[in-house]
Amino acid sequence: MCRARHEVPPHGRRCPCHDDPQRRTLANIRQRLGRNDRACRAANEAGDWDALDHYVALLDRDIAGLRRLTEQAGSDPHEAPAAAASPPLRRAEQYTPELTWKLTDDELMAEFIHLHGDPAAQEQIVATLEWREDLARTRDAEIASWQAQKVAEQRARAAAEQAEIDASPLTNPARRPGRNLTAEQACREEYNCYVYTSYLQAEQDCRGHLLNHEGTVAGVDPESLFSGASARARKYASEELRTWWGRHGRITFAEWKFSAMGRESDRQAARTAKAQSLGEMTA
């Protein structure tokens, strides 16, 4: 019988497992086996299959530990093992990002539910899922940055090509010396050409859906929405056209004139037009 150390011998004699940690480990495993076996039977009778799976896993772990200890101790299971038993592997180590790359997020969440008796493993699953979310956000940001850079490069090339075309008298009638146009007249003619070209391109890209129901009923000319006040364009433009402007821009004459001529007197008019824009216009 196990007694406290302060009790007078021989009644104070202690069990061998108190002085031998290896035997104490073996005794603890046997106690857990009995406890988990009873829990398995109770879960089976109650029909609680999640709990049954949990306790069966614990039984398998303890049986493996008992087998390892008894093999080290020899044929006699009561004999103390020659070396200390290796600590059981922690389940949390199985759910690191490196070891779970084949598992989906849903599969990890299913594992999380079954590990209600192992909070360390659950915390590792949460950390792995958060690591995946951070990685996905970083990857999406890199893709978005790359796409924005490509779009900016394409627009810059298109603007350079258009500027070269606009500056040539062969391709831009407004630049021909024989017409004797003032700077503002030439600017207006170039803007009208830009508006008409934008209208044709938008009509093709939007497949003719340039007006909303209110604009159709009112008999609005779709081309007229590509210049003038943005409030009118907002009122009558279709959703497809608004999206098209968001991608290609919608420039008023005030913005065009300031961009082309660079006069300080046109700066405020360009700022006002920009402030009243659809929120999708590009100067």
Area of residue 243 that stays accessible when all protein chains are in place (1.4 Å probe, Å², to 10): 60 Å²
Carbon/sulfur fraction of accessible area - segment 215-254, other protein chains in place, 1.4 Å, %: 51 percent
Nonlocal amide H pairs with residue 237, under 5 Å, H built at 1.01 Å: 212
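The values are calculated or read from the model by the stated rules, or taken from the named source; none is laboratory data. What you see is a predicted model, and the numbers here were worked out from it, not measured in a lab. Surface areas here come from the heavy atoms of the whole protein model, side chains and all, with no ligands, DNA or RNA. Shrake-Rupley method; radii C 1.70, N 1.55, O 1.52, S 1.80 Å.
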